[in-house]
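FYI, it's all coordinate maths here, none of it is from the lab. Keep in mind it's a predicted model, so treat the numbers as computed, not measured. Every residue, glycine as well, gets a Cβ built from its backbone with ideal geometry; the counts of neighbours run over all protein chains shown.
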Amino acid sequence: MIIDLQVNQGQCTWPELWSVAHAADRAGYNTLWIADHLAGSVMNAPSMPECFATLGALAAVTRNIGLGSLVVNAGLRDPAIVANAAATVQEISGGRFILGLGAGASPSSSFAAELNAIDADIPATMEQRHGRLEYVLDVLDAMWSNSRDEKFATFPLPQDSIPRILGVNSVALATLAGERCDGVNIRASHERRGEILRAAQESAGNREFMVSVWDWFDESLLDETSDARKQLASEGVNRLILLMRGAPDAARIEDHPVL
């Protein structure tokens, strides 16, 4: 099982994030993931550095560790901007980027506060939010195709294919992940985790597919013989993303390497 690290970039300075990235690399974590938000308040942070700018900076100062977004809100940017930003990070990183995407918060979610603050449009229904996400996937497909329309001739084209993973909370979105993406992600404590992950796997068929969950950073989860790890493996999970609460601790990360 691949073990990754996620941090809340709003709760640390750039020098601290630099240190964390290098500590995670030395400790054997496969990929470092960061969030995509506008306001620190929705992530219990004093501020929130922009996702792609931060990933580009991390790509420039690291050499081995993978980098990922968990997850880019489909409603925050024009899809063409997402395509160009992701292709740019992929180029700077030398092919180490994974694009995590999500449908975005509902109008009643606590995460909607940052969007309400800028008068952003939040689709009222889940179906509408899923439709917007599908449109983003359509644009990525069109702009990144090797046989793309001539009108995209001078737009950035990733030389290394960018894997796409969907953060999901429903069977419908998990099915979409299996049909159109390279992976799925759900929180480990989700009450319907097994059902939702099965839907993604069945939709993906026999092709290579990332079945991932995120959980809070806990040293016990690094032990592949633990009951929690065995249960995840039995459900087909092949990637575990550990999210460190609060300010990320480089020393703690290095003290608990991936075995």
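Values as computed for the structure displayed
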| quantity | calculated |
| --- | --- |
| Placed amide H near residue 181: partners under 5 Å, 5+ positions off or other chain | none |
| Three-way shape label, segment 187-229, alpha-carbon gyration tensor, a/c 1.5 | prolate |
| Whole-Å distance, taken between Cα centres, linking segment 219-241 and segment 184-206 | 15 |
| Segment residue 245-residue 230, extension gain: residue separation times 0.36 nm, minus the distance between their alpha carbons | 3.0 nm |
| Cut-off under 5 Å, modelled amide H: who pairs with residue 241 long-range | 4, 213, 214, 215 |
| Other-chain or far-sequence residues with amide H under 5 Å of residue 67's (modelled H) | 32, 97, 98 |
| Segment 81-216: C-alpha gyration tensor shape, a/c 1.5 cut-off, then a/b vs b/c | oblate |
| Net +/- balance of residues flanking residue 52 in space, Cβ distance below 11 Å, scoring K and R +1, D and E -1 | -1 |
| Mean-position separation - Cα centroids, segment 68-136 and segment 16-49, in angstrom | 18 |
| Antiparallel bridge percentage (DSSP; both residues within segment 113-259; nearest 5) | 0 |
| Förster-model FRET efficiency, 25 Å R0, residue 92 and residue 169, C-beta, rounded to 0.05 | 0.20 |
| Student exercise, segment 2-255 dipole from Lys, Arg, Asp, Glu Cβ charges, in Debye to nearest 20 | 120 |
| Farthest toward positive dipole pole in segment 2-255 [+1 Lys/Arg, -1 Asp/Glu at C-beta], among 116, 86, 7 | 86 |
